[in-house]
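Data first, discussion second: the structure below is written as structure tokens.
The values are calculated or read from the model by the stated rules, or taken from the named source; none is laboratory data. Owing to the predicted nature of the structure, the values given are computational and were not obtained by experimental measurement. Cβ placement follows ideal geometry from the backbone for every residue including glycine, while neighbour counts extend to all protein chains displayed. Just so you know, the surface numbers come from the protein's heavy atoms only, side chains and all, with ligands and any DNA or RNA stripped out. Shrake-Rupley method; radii C 1.70, N 1.55, O 1.52, S 1.80 Å.
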Amino acid sequence: MQFTIERDALLKPLQMVSGAIERRHTLPILSNVLIEAREDGQLILTGTDLEIELVAMSPIQQLFSPGRITVPAKKILDICRSLPDSSLLSVTVQGDNCVVSTGKSKFTLSTLSANDYPNLESWQGEVELQLPRNQLRHLLDDTAFSMANQDVRYYLNGLLFEVDNGTLRSVATDGHRLAMSSIELAATSGHQKQIIIPRKGVLEVMRLLIADDQLVTLSLGQNHIRLTDTQFSFSCKLIDGRFPDYRRVLPRNSTKLVTAHRDVLKDSCVRASILSNEKYRGVRFTLSSGELQIVANNPEHEQAEETIEVEYQGDTLEIGFNVGYLLDVLNTLSTDLVVLHLSDGNSSALIEGVGAKSGAMYVVMPMRL
């Protein structure tokens, strides 16, 4: 295998696939990137950790002979980063080594056979969807922060994707809060399917996905999902488990509505959180007619009090929340006004933006203070 390629044309796909590659792995070849120079002048780079697989494409400047080889991913990535922007790289396989050279610089890397490189087994998608990148990005941005991290309930360590006829919905929960967002698909169909994408896969897609109106293709299979973009292809094994019925978590028949300016509420929560308990981060909301008081205490007997104007008519209500969960929601919403649906001091709150286009809804469980 021998070819020349512009430095940026090699660096960009290397950065894309590097997220799937584990630096410390029991299988040495999983620390490598698979490089394939094809006769059509395309360079195909593949990275995998056996759970997710990323494939990126780039044009070759000049191809002398096609071939496939694997080289240490971090080393070749660091080499490309350290070279000048306008460098033209020559890549040549010589025996058991891969030589990368440009100008007066030359790097000889060890290789492992491409035939030993694992790939996700071939599978057929049961449901195929096309949607703009920005819509998919919004679904992930609206909900991903609520995923659990290393929870023993393994099915919570990921994101639920649900196709329900003409609606695509994303849902995430860690057992203390829940985030849900949905979009209407352009081509409505009778498909109904639920899958759970693991946390690492969700974060990788968010890292790679540009927020524009270019169409991407989602293929949902029995045990896998594939996202096909113009510059990369992402495949991932799904979490085999049953996601909780999120519909049962959504509060119904809330009797008390509180409307507040998002920035005012967010800033007040940020200030109050400074003196909250560092471990539990609890704040107390006290609602009265037209007013919300936010109080935080800590074991050092320090206290913060904030009072803001809100739209609320009803009986006095006290309820406690983890201020970190509230701030996650307020930072994610982009509307000027937010509305809190409350029932009593022991029931979950439903939070949504007033006039929000994305249809995002958030549930936060109360705390006992």
What are the ³J(HN,Hα) couplings of region 2-18, residue after residue, when phi is run through the Karplus curve with 6.51, -1.76, 1.60 and θ = phi - 60°? Round to Hz, x for glycine and proline. 8, 7, 10, 8, 5, 4, 5, 5, 9, 5, 4, x, 4, 5, 5, 7, 5
Need one value: the accessible area of residue 207 in square angstrom, 1.4 angstrom probe, rounded to the nearest 10. 110
So if R0 is 35 Å, what FRET efficiency would residue 193 and residue 150 give, r being the distance between their Cβ atoms, rounded to the nearest 0.05? 0.85
Rounded to one decimal in nm, the spacing of the 7 Å Cα→Cβ label points at residue 25 and residue 242 is 3.4
Tell me the carbon and sulfur percent of the accessible area for the chain, rounded to whole percent, probe radius 1.4 Å. 45
Hey, in the GNM for the chain with a 10 angstrom Cα cutoff, which one of 190, 41, 282 fluctuates hardest? 190
For volume of the Cα convex hull per residue in Å³, pick the label among (1) 142; (2) 183; (3) 175 that corresponds to the value derived from the coordinates. (3)
Order 336, 151 by their accessible area, 1.4 angstrom probe, all chains in place, largest first. 336, 151
The summed charge of the residue 132 Cβ neighbourhood (under 10 Å; Lys/Arg +1, Asp/Glu -1) stands at 0
Rounded to 10°, Cα long-axis angle of helix 199-208 versus longest principal axis of the chain: 70
Under the definition of Cα pairs under 8 Å and six or more residues apart, what whole-number percent is the relative contact order of region 90-167? 12
Whole-Å distance linking the alpha carbon centroid of region 241-309 with that of region 8-75 is 47
Based solely on its DSSP helices, what 222 nm [θ] is calculated for the chain when runs of n ≥ 4 H residues each add -39,500 (n - 2.57) and the sum is averaged over all residues, nearest 500 deg cm²/dmol? -5500 deg cm²/dmol
So what is the relative contact order of region 1-109, in percent, for Cα pairs below 8 Å that sit 6 or more residues apart? 33
Could you give the accessible area per residue of the chain, probe 1.4 Å, as a whole number in Å²? 50
When the chain is treated as a GNM, springs tying every alpha-carbon pair under 10 Å, which of 229, 116, 267 comes out with the largest mean-square fluctuation? 116
What's the angle, to the nearest 10 degrees (0 to 90), between helix 133-143's Cα axis and the longest principal axis of the chain? 50
Taking the Cβ of residue 250 as the center, what net charge do the other residues with Cβ under 13 Å away carry, scoring Lys and Arg +1 and Asp and Glu -1? +3
Can you tell me, using C-alpha contacts under 8 Å and at least 6 residues apart, the relative contact order of region 151-280 as a whole percent? 20
Using amide H atoms built in the peptide plane, which far-off residues or other-chain residues are under 5 Å from residue 33 H to H? 71, 73
Who wins for biggest fluctuation among 326, 27, 139 in a Gaussian network model of the chain, springs between alpha carbons below 10 Å? 27
Nearest 10 degrees is fine. How inclined is helix 262-273 to the longest principal axis of the chain, computing both from alpha carbons? 90
Roughly how many whole Å is it from the C-alpha centroid of region 339-369 to that of region 196-232? 29
